[in-house]
Amino acid sequence: MLRITGGTIYDPANGINGEVRDLYVEDGKFVSSFTGGRTIDATGLVIFPGGVDVHTHVAGGSINFARAMTPEDHRRTQAFIRSQTRRSGLGGMAPTTFATGYLYAGMGFTTVNEAAVPVLSARHTHEEMADIPIVDKSCLVLMANNEIMLDLLEAGEYERAKHIVAWHVWAAKAYGVKAVNPGGVAAWKWGKDANQLSEPVEGYKNTTPGSIVTSLAKIIDELGLPHPIHLHCNNLGAPGNITTTLETMKHLEGHRAHMAHLQYHAYGGDDWDTMKSESAQLAEYFNAHPNMTTDAGAVLFGDTVTITADGPWQHLLYKLTGRKWGNLDVENETGCGIVPYSYRPSNLVNAVQWATGLELLLLIDDPWRVFLSTDHPNGACFWRYPEIVQLLMCADFRKECMAGLPPEIMNRITLPEINREYTLYEIATIMSAGPARALGLQQKGNLGIGKDADMVIYHSDKDIARMFGHPRYVIKRGEIVIEEGDIRETPDGSEYLVKPSFDPGTDEFLRPLFEDRYCMSFENYPVEMERIERPDLQQCITTE
Amino acid sequence: MGGKVTCTLGEVKNRADFIVYWGGNPAECHPRHFTKYTLMQKSPFLPRGRKDRTMVLVDIRETKSAKASNIFLQVRPGKDFELITLLRAMIKDQPISEAQVAETGLTIEQLQDFVSRMKAAKYGVFFFGMGLSMTRGKHMNSAALLTLAAEMNAFTKFVAMPMRGHGNVTGADVIMRWQTGYPFGISFNRGYPRYNPGEFSTVDVLVRGDTDCAFIIGADPGATMPQPAIDHLAKVPTIVLDPHVTHTSKLARVHITTAPAGISAPGTAYRMDEIPLPLRPALKSPYPSDEEVVRRIKEALLEKPDWMGERPQMLQNQI
Amino acid sequence: MNKIKLTLKKNPTVVLETEVISPDYFLERTHEEICASVVYHGKREKRLDEFFDVDGERSDCIEIHGDLQRVRHVGRAMTRGEVTIHGDVGMHLGALMNGGVIEVHGNAGDWVGGEMKRGKIHIHGDAGQQVGAAYRGSIIGMTGGTILVDGNAGIEVGMRMRRGMIVIGGAARDFAGLQMKGGTIVLCGGAEIRTGAWMQRGTIISLKNLALMPTFAESGVYNPTFLNVYSRHLKTLGVQLPFAEVDGRYRRYSGDQGVPGKGEILIWEPAV
C-alpha cells in the first residue's frame, strides 16, 4: 500500500489539470482511499501518469542487427553496472534489452509499443521483450507486404484476407497490425520501390499501395483490434512526399488509423536541394479528419542509427552517407535496412526534418491525436524525449536553437512563426494519456480509480529537460522503480496481446501456401502462448 | 564502409536466381542446402526451379559441390581476398588487366563473365564457408565478401550469408547481442559488457592463460582449439555441461551431464539466417537441462557475498 | 626531476587493468592516494600497491620496472608527461592517447596507441597486432601523433588511420595500412601480404620490396620532394629514410582500386 500526498496532478484522461490531490495505491492499482501504508509526501511535486510510447523499435531482429553493427557506439555510451539484483547493459543508439528497460523507466515511461514484428521472427521479438525489465510491452505485426494476403486482395478475396490478417496477429502474439510502405517492400526485393499510390505494385495487376491501405484499415476495424492500422506511408523521407501522404490519408477516410512518424512524410520540394516542410498543409488536413492519430517521429541533431522495414530508403541513405549498411529481407513478409546516421544542424535537409517534427507537434491542435515519438532510433534515441518536451514548452528555447540553423532554411519551414507553448497538461496528454487511448490500453495513461498505478513524480523545475530527464520517483504498478535516478526495483512487465476471431479453417487454407513459400515447417511458425512471459490478453472492440 | 546485407533462407528459395558458394562444400557439409533452399526448389518467381537458377562454386579444389554447379572458379589457395577485391574494382569499372588477375589462378575472361552474370542476376546471393572465413585473413575475408554484396546493390539485389558450423552458434550470437550489445568476445570483469575480439575471445583468452577458471556449455574446445588453449583448460578448474563425454569433459575438473537440447530439453534454436525455431523435446531425460543447471549455480552464487566492490550504478565513460 | 617509480612486486595471475597508471591521474595525487588507486585484477578491485612498490608522488613523469605482459591500459588517454617502462608491457598501451610520451624498453602487446590522437610512443622491442589501429567497428583509427616500433609488428598496423605516423623498424605482418584514410606508415623491414589493402588515401613507404595486392597500379618512379622533409623529421626520431637520388629511387603504386582509393605505396629501390 502506498499513499502519495500533496502532489500536483496532471491526469488528462480524467480532465484533472494541475490539481492537488492524494493518490492511493493498493495491489498495483489506484484505489479511493485507505489508512496506513507508506506515504510519499509529494508536496510541491508534479505527478503525471506513466509515459506510453506508441511507436518505438526496442526488440527483435532489426534492432538486434543494429546492435551488432554499432560496437563503436556501445563503447562510448553509458554503461549500467550489474548488481546482485540488476543485470548489466549498455545505453546509446541501440540499447541492450536490460538497459532499454532502465532508460525508459528512468524518464518515467512505463509502457512501450514495439512497432514492427515479422511473424517469422516474432518468437525472437518476444524472447527479447521478456528481457526488457520494468515496462509493459506490446508489439505490432507487419502485414502490408505479406504476399499471401496481397495475392488474396488481388484476387478480390477480401473475407479470406481478413481471416489471414487475424490469424497472423494471433500467430505472432501481437497486439495490432503495422503496415510499412505498402507494396513497396515487396517491390524492393526486386530492387524496386512502390512510389505511386495508384499504380499496381510490382508483380501485381490490380493491387496498388492505395488499395492495400484501404483494405487493411477496413479489415482491422472489422476485426475490432483495439489499436487501428498503424501505417508507415510510402515514400518515407522523400522530398515532395506530401502528395503521397495526403493521398494515403484520403484512402483512409471512414476508418480509424494511426499514421506513424508523420515527420518523415511531410516534405515538399522536388529534390534534396529544394526540399521543404509541408507540415502546415498536412496539419490542416489532419486537424479536419478526426479519424486519425499520429506520432511525430521527431528528429534531434546528433548520432543515431536508422532502422526501418523500408529497405529502399535505407539503400538510398547508404548511398548518401557511404557508411555502414545492413539489410535483412524476410521471406514473404517484410525486410529491414539499417544505416548509422548523424543529423547535423548545418545540413539543410536535416534542419528541415528537425523543424518539421516540431511543427507537426505544434500545428496539430488536438494533443489527443499527436504523440511524442522519435521513431526510436530513427529520428533520435528515445532517451532524448525530454529535449523535445523542452522544445515544445519553451518558444524562446526553440528560437535559440533555430539561430544555429543555416539562414536559407527560413523560407522552407514555418517554425519561426509558431509561438505556441505546450502546457504541462498537454505534455501529459501527448506523452501518456493520448498514446494509451490510441493503443486502446484502458489501464494505462490514467490515474483514475482501478487503473494501473503507473506514475511519474517530477520536481517542478524551470529547466524542462532536466525536470523530465530526472524524475523524483517513477512508480510502476505501485512499486517504486526509480528514485532520484537510482534504479530501485526491476520488476518484469506484462505483454499485451489480442485474439481477433478467424475462421478455424484458416490453418488448413494457409498450410499449402505456406509450405510453398516458406522454408520452415508450418507448425513452427506461430508463437505458442507458453512462450509469452506474463501475457495480458486484451479484448477486441466494436467499431461503428 | 562495410556492413551486412542479408536475407532469410526462404527469400533464397523463392527469389535467388544466382547462387554463389564461396569456400564451402555444401554437397558434403550442408547436404540439404541445395534441395531445401538454393537449387532444386521451385517458386512463383522461379517456376522451373533448378533451370531458372545459376550456381557458381568458388573454391580452391574441385569438391563434390563442383558437380552441382554451373560454373566452377578454382581460386589459388590464399587468394580469396585478392580475388574479391579485384571483383570490387571490376564492378565499378576500374581498369583491370590480365596481369593483375593472374595471381588468383583465374583468367580475366572468367572474371568478366562472373561480373556480368552478377550484374545480370535478379537476386544474387553469396554463401560463404570456413574455406573463406577460417583461412589467412579470416574476418577480413568475410568482410570482403559482405562488402562486395553490399556494393552489388548499386546494380541489382544481392545478399550474403555465412554458412555456420555445428551447434547453435547463431543462437548464442543473437542472445549475447540483445543482452550485451556484442555477439561474442565479451568481458564482464568491470561489471558491464566490453567487447574486443582478439582480447576477450575464448581462444585468445585461453592461449594467453588470462583466465583462472573455465565454464563450458554446448561446445567441445578440447577437440577443436590449439594445443596451448587445451593445456590451459587442463590446468585451471574447468567445468563442463554436456550430455556426452567429450574431449573437454575428459580434461575437466567437473562434468555435469545434462539433457540434450532439442531431444529432451526444450528451447529455441536460431537458424543460420537468425530465424528462431522452437525445439520440442521428443524424449524424457533423467538429467537436468543446461538452463536448470546454470540457474541453480546462479542461485548458489547469490548466497555468497558479492565479488563486486562499491561501484556506481552507471558509468558515463567506459574503459 | 621529480618522478614516480613503480616496481612490480607481485605477478598478476590474471589480467591486471591499470588505466590509473597515467601522468594525468598521478599528477595531483599524494603517495598514499597513488598507492590506493584502484586496479582490476581480473574482476576484483585491488589497490595499486598490492602489485607495485610505489615511490614518489605528484608527478607526471612515471617510470615502471618489471614484466608487465599481463598489465593492460597503461597510459590510456594520457594527455601529458612521460611514461617509461623497463620490461614488456601488455595490451592497449597509450590507447586513445592525446599527448605526452611513452617509451618501452621491451616488447608491447596489441593495440599500441589504438585510436590515439596526439603524442609519441616508442617501443624498442616488438609490438603486437593493431598498432595505432581503430577498435572494432570504429570508422577511424589513429588521428595523430607518432608511433615508433624498433622491432617487428603484428597484423593490421595503422588500420583505418587518418593522420599521424607509424614507423616499424622491423617487419610488419599482414594488412599493414588496412583501410587507411590518411597519414604515413614507414615499413623499414617490409611486410608480409596485403599491405595497403582497401586504402583510401595516405602513404605507405617500404624500404624492402613488398608483395602487393593486385589492385595496386604502378604509377612511376621518382624521388618525391616531401620525402626530404620526412627524412629530416624522422632523423630526429632516429630513423634513416633514404631520399637522395644517388642512393636509389622510389617506385610508386596507387590504389586500392577495389575501393577505389587514392592511396600510395612507395617502395625503395636502392641504386646498384
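The values are calculated or read from the model by the stated rules, or taken from the named source; none is laboratory data. All values derive from a computational prediction rather than experimental measurement. FYI the Cβ positions are ideal-geometry reconstructions off the backbone, even for glycines, and counts take in every protein chain you see.
Which numbered condition trips up C:Thr146, out of (1) more than 14 Å from every other protein chain (Cβ to nearest Cβ); (2) at pLDDT below 95?
Single failed check for C:Thr146: (2).
Are any residues in segment A:333-350 touching a residue at least 60 places away in the same chain (Cβ under 8 Å) and either in contact with a helix residue (DSSP H, G or I) (Cβ under 8 Å, 6 or more places away or on another chain) or under 30 Å from A:Tyr518 (Cβ atoms) (or both), and if so, which ones? Please lay out each step first, then the result.
Residues of segment A:333-350 touching a residue at least 60 places away in the same chain (Cβ under 8 Å): A:333-336, A:338, A:340, A:345-346, A:348-349.
The answer is A:Glu333, A:Thr334, A:Gly335, A:Cys336, A:Ile338, A:Pro340, A:Pro345, A:Leu348.
Quick test for you: out of A:Ile457, A:Ile430, pick the one residue that is under 20 Å from A:Met259 (Cα atoms) and crowded, with 21+ Cβ neighbours inside 10 Å.
Working: A:Ile457 fails: under 20 Å from A:Met259 (Cα atoms).
Step by step, each of A:Ile457, A:Ile430 is checked, and only A:Ile430 is under 20 Å from A:Met259 (Cα atoms) and crowded, with 21+ Cβ neighbours inside 10 Å.
Looking only at helices (runs of 4 or more DSSP H) that fall completely inside segment A:420-516, which ones have 1 or more residues that are more than 21 Å from the chain's Cα centre (by Cα)? Step through it out loud before you land on a result.
Values: elements: A:424-428, A:434-439, A:464-469.
Once the helices (runs of 4 or more DSSP H) in segment A:420-516 are filtered for at least 1 residues that are more than 21 Å from the chain's Cα centre (by Cα), what remains is A:424-428, A:464-469.
Of the residues B:Lys235, B:Lys304, B:Lys298, B:Lys284, which single one is modelled with pLDDT of 95 or more, of a type outside the set (Ser, Thr, Tyr) and either farther than 30 Å from B:Ala160 by Cβ or in the same structural domain as B:Cys213 (by TED's automatic domain parsing) (or both)? Let's see the steps before the verdict.
On the way: B:Lys304 fails: modelled with pLDDT of 95 or more; B:Lys298 fails: modelled with pLDDT of 95 or more; B:Lys284 fails: modelled with pLDDT of 95 or more.
Result: B:Lys235 is the single residue among B:Lys235, B:Lys304, B:Lys298, B:Lys284 that is modelled with pLDDT of 95 or more, of a type outside the set (Ser, Thr, Tyr) and either farther than 30 Å from B:Ala160 by Cβ or in the same structural domain as B:Cys213 (by TED's automatic domain parsing) (or both).
Go through segment A:241-264 and report how many residues are within 22 Å of A:Leu361 (Cβ to Cβ) and not in a helix (DSSP H, G or I).
8
Check off (1) more than 14 Å from chain C (Cβ to nearest Cβ); (2) surrounded by 24 or more Cβ atoms within 10 Å (Cβ to Cβ); (3) without any contact (Cβ under 8 Å) to a residue 60 or more places away in the chain for A:Gly50 and give me the number that stays unchecked.
Failing condition for A:Gly50: (3).
Mind counting the residues in segment B:263-279 that are crowded, with 17+ Cβ neighbours inside 10 Å, within 29 Å of B:Ile230 (Cα to Cα) and either of a type in the set (A, V, I, L, M, F, W, C) or free of Cβ contacts under 8 Å to residues at least 40 places away in the same chain (or both)?
2
Quick one: in segment B:92-102, which of the residues that are surrounded by fewer than 18 Cβ atoms within 10 Å (Cβ to Cβ) and not in a loop (DSSP other than H, G, I, E, B) is farthest from the other protein chains (Cβ to nearest Cβ)?
Out of the qualifying residues, it is B:Glu98.
Give the residues of segment B:280-319 that are surrounded by 15 or more Cβ atoms within 10 Å (Cβ to Cβ), hydrophobic (A, V, I, L, M, F, W, C) and within 14 Å of chain C (Cβ to nearest Cβ), sorted by residue number.
B:Met308, B:Leu315, B:Ile319 - these are the residues of segment B:280-319 that are surrounded by 15 or more Cβ atoms within 10 Å (Cβ to Cβ), hydrophobic (A, V, I, L, M, F, W, C) and within 14 Å of chain C (Cβ to nearest Cβ).
Give me a count of the residues in segment A:69-94 that are more than 14 Å from chain C (Cβ to nearest Cβ) and closer than 21 Å to A:Ala260 by Cβ.
Total meeting the criteria: 0.
Collect the residues in segment A:92-118 that are free of Cβ contacts under 8 Å to residues at least 60 places away in the same chain and part of a loop (DSSP other than H, G, I, E, B), keeping them in residue-number order.
A:Thr96, the sole residue that qualifies.
Looking at segment A:119-140 only, could you name the residues that are part of a helix (DSSP H, G or I) and not aliphatic (A, V, I, L, M)? Step through it out loud before you land on a result.
Start the filter on segment A:119-140 by keeping residues that are part of a helix (DSSP H, G or I), which leaves A:119-130.
Across segment A:119-140, the qualifying residues are A:Ser121, A:Arg123, A:His124, A:Thr125, A:His126, A:Glu127, A:Glu128.
Six or more apart or on different chains, Cβ atoms under 6 Å: show the pairs whose first residue is in segment B:196-220 and under 27 Å from C:Glu115 (Cα atoms) and away from chain C (no Cβ under 11 Å) and whose second is part of a loop (DSSP other than H, G, I, E, B) and among the hydrophobic types (A, V, I, L, M, F, W, C).
The qualifying pairs are B:Val203/B:Met225.
Here is a check on your reading of the model: is A:Trp354 under 14 Å from A:Gly297 (Cα atoms) and among the aromatic types (Phe, Trp, Tyr)? Outline the logic, then answer.
Working: under 14 Å from A:Gly297 (Cα atoms): yes; among the aromatic types (Phe, Trp, Tyr): yes.
Yes.
Could you list, ordered by first residue, the pairs with Cβ atoms under 7 Å in which the first is in segment B:303-314 and free of Cβ contacts under 8 Å to residues at least 40 places away in the same chain and closer than 14 Å to A:Asp486 by Cβ and the second is surrounded by 11 or more Cβ atoms within 10 Å (Cβ to Cβ) and aromatic (Phe, Trp, Tyr), at least 6 apart or interchain?
B:Gln313/A:Phe80; B:Met314/A:Phe80
Of the numbered conditions (1) modelled with pLDDT of 95 or more; (2) crowded, with 22+ Cβ neighbours inside 10 Å; (3) in contact with a Ser or Thr (Cβ under 7 Å, 6 or more places away or on another chain), A:Cys336 fails exactly one; give the number of that condition.
The single condition A:Cys336 does not satisfy is (1).
Which members of segment C:1-26 meet the condition of being in contact with a Ser or Thr (Cβ under 8 Å, 6 or more places away or on another chain), of a type in the set (Val, Ile, Thr) and more than 13 Å from C:Asp49 (Cβ to Cβ)?
Of everything in segment C:1-26, just one residue is in contact with a Ser or Thr (Cβ under 8 Å, 6 or more places away or on another chain), of a type in the set (Val, Ile, Thr) and more than 13 Å from C:Asp49 (Cβ to Cβ), namely C:Val14.
With respect to B:Leu145, determine if the residue is more than 10 Å from every other protein chain (Cβ to nearest Cβ), under 27 Å from C:Ala134 (Cα atoms) and not β-branched (Val, Ile, Thr).
yes
Have a look at B:Arg50, B:Arg32 and point out the one that is away from every other protein chain (no Cβ under 13 Å) and farther than 22 Å from B:Lys138 by Cβ.
Values: B:Arg32 fails: away from every other protein chain (no Cβ under 13 Å).
That would be B:Arg50, the only listed residue that is away from every other protein chain (no Cβ under 13 Å) and farther than 22 Å from B:Lys138 by Cβ.
Strands (runs of 3 or more DSSP E) wholly in segment C:190-259 with at least 3 residues that are within 20 Å of C:Thr146 (Cα to Cα) - which ones? First the steps, then the outcome.
Numbers: elements: C:203-206, C:217-222, C:248-255.
Filter on segment C:190-259 gives C:203-206.
Can you find a residue in segment A:86-95 that is hydrophobic (A, V, I, L, M, F, W, C), over 30 Å from A:Thr214 (Cβ atoms) and under 18 Å from the mean Cα position of the chain (by Cα)? First the steps, then the outcome.
Quick first cut of segment A:86-95, residues hydrophobic (A, V, I, L, M, F, W, C) only: A:90, A:93-94.
Next, from what is left, pick out any that are over 30 Å from A:Thr214 (Cβ atoms): A:90, A:93-94.
Next, only the ones that are under 18 Å from the mean Cα position of the chain (by Cα) stay: A:93-94.
Within segment A:86-95, one or more residues are hydrophobic (A, V, I, L, M, F, W, C), over 30 Å from A:Thr214 (Cβ atoms) and under 18 Å from the mean Cα position of the chain (by Cα).
Are there any strands (runs of 3 or more DSSP E) wholly within segment C:1-108 with 1 or more residues that are surrounded by fewer than 18 Cβ atoms within 10 Å (Cβ to Cβ) and of a type outside the set (A, V, I, L, M), and if so which? Explain how you work it out, then say what you get.
On the way: elements: C:4-8, C:38-41, C:44-47, C:52-55, C:61-65, C:82-86, C:98-105.
It comes to C:4-8, C:44-47, C:52-55, C:61-65, C:82-86, C:98-105.
Can you tell me which residue in segment C:218-272 is farthest from C:Gly158 (Cα to Cα), limited to those that are within 14 Å of chain B (Cβ to nearest Cβ), of a type in the set (D, E, K, R) and surrounded by fewer than 19 Cβ atoms within 10 Å (Cβ to Cβ)?
Narrowing segment C:218-272 to residues within 14 Å of chain B (Cβ to nearest Cβ): C:218-219, C:253-263.
So of that shortlist, the ones also of a type in the set (D, E, K, R) come out as C:218, C:256, C:262.
Restricting the remaining residues to those that are surrounded by fewer than 19 Cβ atoms within 10 Å (Cβ to Cβ) gives C:218, C:262.
On the way: C:Glu218: 23, C:Lys262: 17 Å.
Top of the filtered list is C:Glu218.
Hey, among the residues in segment B:252-274 that are on the phi < 0 side of the Ramachandran plot and of a type in the set (D, E, K, R), which one's modelled with the highest pLDDT? Write out each step before concluding.
Taking segment B:252-274 and keeping what is on the phi < 0 side of the Ramachandran plot, we get B:252-261, B:263-266, B:268-273.
This time we only want the ones that are of a type in the set (D, E, K, R), so: B:253, B:271, B:273.
Numbers: B:Arg253: 97, B:Arg271: 87, B:Asp273: 85.
Restricting to residues being on the phi < 0 side of the Ramachandran plot and of a type in the set (D, E, K, R), the top hit is B:Arg253.
Within the bounds of segment B:112-124, is there any residue that is surrounded by fewer than 16 Cβ atoms within 10 Å (Cβ to Cβ), away from chain C (no Cβ under 14 Å), among the hydrophobic types (A, V, I, L, M, F, W, C) and not in a helix (DSSP H, G or I)?
For segment B:112-124, residues surrounded by fewer than 16 Cβ atoms within 10 Å (Cβ to Cβ), away from chain C (no Cβ under 14 Å), among the hydrophobic types (A, V, I, L, M, F, W, C) and not in a helix (DSSP H, G or I): absent.
What is the residue count in segment B:1-29 for residues that are at the interface with chain A (Cβ under 7 Å from one of its Cβ atoms), within 20 Å of B:Leu145 (Cβ to Cβ) and not small (Gly, Ala, Ser)? Talk me through it step by step, then tell me what you get.
Taking segment B:1-29 as the starting set, the residues that turn out to be at the interface with chain A (Cβ under 7 Å from one of its Cβ atoms) are B:1-11, B:13-15.
Within this subset, residues satisfying the condition of being within 20 Å of B:Leu145 (Cβ to Cβ) are B:1-9, B:11, B:15.
Still in the running and not small (Gly, Ala, Ser): B:1, B:4-9, B:11, B:15.
Summing the residues that are at the interface with chain A (Cβ under 7 Å from one of its Cβ atoms), within 20 Å of B:Leu145 (Cβ to Cβ) and not small (Gly, Ala, Ser) in segment B:1-29 gives 9.
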